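Q: Have a look at the structure that comes next, please.
The values are calculated or read from the model by the stated rules, or taken from the named source; none is laboratory data. Predicted model, so just to flag it, every value in this text is computed and none were measured. Ideal geometry is used to build each Cβ from the backbone, glycine not excepted, and the neighbour counts take in all protein chains shown.
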Amino acid sequence: MARENISESEANEELNKRANNVTEEDFEKVLSKKARIEHLFTSKGPLQKFINEVKLLMSLVKDYYNGSYREIPWWSISAVVAALIYVLSPVDLIPDFIPVIGFLDDAAVVAACLSLIRKDLDAYRLWKANNSID
């Protein structure tokens, strides 16, 4: 029987484990799968409430990768990439093929990421507002 949720500490542990192993290829994967990631967050379910934050996270990954914005600690940007890759993976703590509850762990990992990088994300949001040309 599948689990119906994961604890905050389990979400943090999973995020930490994955963030410590982020590579350049992971950045490229996230950027190349932007449409898929955003689709996962716009569909109904527990991820939907994070759509605005995910758009900002995708922008942050892009700006970091292309060198436009580097005022973020490595651990924070790697946590963002790790969380987005986690969402892309259909087989994780709760497999995504299980209707509705399959995305609860994804939402927990994203929430953990947002909580852990809030200060860095707020700084990026301010930088983006002052430097936006797109």
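Q: Where the second residue is among the β-branched types (Val, Ile, Thr) and at pLDDT 85 or above and the first is under 17 Å from PHE103 (Cα atoms) and lies in region 1-24, which pairs have Cβ atoms under 7 Å and are six or more apart or on separate chains?
A: Cβ pairs passing all conditions: ALA11/VAL109; GLU14/VAL109; LEU15/VAL109.
Q: Oh, and also: Hey, could you check region 7-21 for residues that are among the charged types (D, E, K, R) and at pLDDT 85 or above and say which is surrounded by the fewest Cβ atoms within 10 Å (Cβ to Cβ)?
A: LYS17
Q: Can you confirm whether region 69-81 contains a residue that is at pLDDT 95 or above, assigned to a loop (DSSP other than H, G, I, E, B) and closer than 20 Å to ASN12 by Cβ?
A: yes
Q: Same structure again: Just checking, how many residues over region 41-55 are of a type outside the set (D, E, K, R) and under 10 Å from the mean Cα position of the chain (by Cα)?
A: Pass one, region 41-55, residues of a type outside the set (D, E, K, R): 41-43, 45-48, 50-52, 54.
Among the residues that remain, those that are also under 10 Å from the mean Cα position of the chain (by Cα) are: 50, 54.
Matching residues across region 41-55 total 2.
Q: Among ILE133, ILE117, ILE85, which is the only one that is part of a loop (DSSP other than H, G, I, E, B) and either under 20 Å from LEU15 (Cα atoms) or modelled with pLDDT under 95 (or both)?
A: ILE133
Q: Are any residues in region 8-57 within 18 Å of ALA108 (Cβ to Cβ) and β-branched (Val, Ile, Thr), and if so, which ones?
A: ILE37, ILE51, VAL54
Q: Here's a follow-up. Tell me which residues, restricted to region 22-36, are of a type in the set (A, V, I, L, M) and either modelled with pLDDT of 95 or more or touching a helix residue (DSSP H, G or I) at 6+ places or on another chain (Cβ under 9 Å) (or both).
A: Matches in region 22-36: VAL22, VAL30, LEU31.
Residue-by-condition table, conditions (1) within 18 Å of LEU116 (Cβ to Cβ); (2) of a type in the set (S, T, N, Q):
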{"position": "LYS33", "(1), (2)": "no, no"}
{"position": "LYS49", "(1), (2)": "yes, no"}
{"position": "LEU57", "(1), (2)": "yes, no"}
{"position": "LYS62", "(1), (2)": "no, no"}
{"position": "SER78", "(1), (2)": "yes, yes"}
